[in-house]
Amino acid sequence: MDTQMQETHREKEENSPKLWCLEDFEIGKPLGKGKFGRVYLAREKKSKYIVALKVIFKEQLEKYRLQHQLRREMEIQNTLDHSNVLRLFGWFHDADRIFLILEYAHRGELYKLLKKYGHLPEKQAATYIASLTEALAYCHQKHVIHRDIKPENLLLDFEGRLKIADFGWSVQSTSKRRTMCGTLDYLAPEMVENKAHDYAVDNWTLGVLCFEFLYGFPPFEAENQTDTFKRIIKVDLSFPPTPHVSVEAKNLIVRLLVKESSKRLPLPKILEHPWIIKNADPKGTFNEQ
Ligand code: AMP
């Protein structure tokens, strides 16, 4: 079906400069609401392919001067084709709105799962970390650094496969706001200190996420932004005395949360780490009991 959607897209690209329009879709239930608009379940009429249609109001974009950023990020996401990266199939617009045709992630946000269960079992956490590592290795190969991975940006498909979403104009933009009025939790020290940074910022974030999946809160959480900032730059890491987290898991976290970016465990080595080998599902899917 995925291929069918792409073929219809290609056909349209060849035959008409206009590509998609709203009439190509039957619109279903709302899936959620973001800062710039809403996301709906939708079905492409010709292929019957189910997608998520994200509707963004141009006025909002203009207000925050994000039109160029949106275009750049859509072009990036459109070139990415990996089973752990949410597909952006295409986009179109009318006078007031921009529509993004996105892969539908049936099980929604990983964040909600984490909130529901408090923390995740090691097998589930390791499966997600391995999927994320593979997705990031693919992105890095294509010279894309995500820089803004956090549980809210991670969606799950109908098989429980993790998908990195929001590559990440909306997230970059909302996250800037979140950063100003909320969390710095996922940012690497070189980013909070506003220094030059490279691909290794994503490796740091993997360490933060691994900790959060297993304990239910990020490692440098603090009362306020200044204290989080201080904890990140000091790498003030300590493990709560919870018996359910293994020594191997902690070892992986310690090897990722390293201040010196070049000393962080490289992505291929994460996939070879004993905790990942022992716990991650090779198919990258996880079904809750
Ligand atoms: P966003 O504007 O990206 O923050 O999305 C708003 C809400 O819509 C989120 O709470 C997501 O759960 C939901 N959502 C966004 N994209 C998708 C998608 N591709 N598949 C399923 N749900 C989505």
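The values are calculated or read from the model by the stated rules, or taken from the named source; none is laboratory data. Note that this is a predicted model, so its numbers are computed, not measured. Here the Cβ is made from the backbone with ideal geometry for all residues, glycine too, and neighbour counts use every protein chain on show. Each accessible area value is taken on the protein alone, full model and side chains, heavy atoms only, with ligands, DNA and RNA left out. Shrake-Rupley method; radii C 1.70, N 1.55, O 1.52, S 1.80 Å.
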Can we say His106 is within 16 Å of the ligand (Cβ to nearest atom), in contact with a Cys (Cβ under 7 Å, 6 or more places away or on another chain) and either within 22 Å of Asp202 (Cα to Cα) or open to solvent by 40 Å² or more (accessible area, probe 1.4 Å) (or both)?
-> no
Out of (1) open to solvent by less than 50 Å² (accessible area, probe 1.4 Å); (2) not in a helix (DSSP H, G or I), the odd one out for Arg65 is which?
-> (1)
Would you check if Ala126 is of a type in the set (Gly, Ala, Ser) and not in a loop (DSSP other than H, G, I, E, B)?
-> yes
Tell me, which residue of the stretch 37-62 that is at negative phi and of a type in the set (Gly, Ala, Ser) is farthest from the ligand (Cβ to nearest atom)?
-> Ser47
For the stretch 126-178, name all the residues that are of a type in the set (S, T, N, Q) and modelled with pLDDT of 95 or more.
-> Thr127, Ser131, Thr133
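Got a sec? Which of Arg65, Arg72, Arg97 is within 16 Å of the ligand (Cβ to nearest atom), farther than 27 Å from Ile253 by Cβ and not assigned by TED's automatic domain parsing to the domain that holds Tyr186?
Within the list Arg65, Arg72, Arg97, the selection yields Arg97.
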Please enumerate the residues belonging to the stretch 131-163 that are open to solvent by 10 Å² or more (accessible area, probe 1.4 Å), outside any loop (DSSP other than H, G, I, E, B) and over 18 Å from Thr79 (Cα atoms).
-> Glu152, Leu155
Go through the stretch 208-227 and give me each residue that's open to solvent by less than 10 Å² (accessible area, probe 1.4 Å) and over 17 Å from the mean Cα position of the chain (by Cα).
-> Leu214, Pro219, Phe220
Sort out which residues of the stretch 100-127 are closer than 16 Å to Phe213 by Cα and among the charged types (D, E, K, R), and write them in order of number.
-> Glu109, Lys112, Lys115, Lys116, Glu122, Lys123
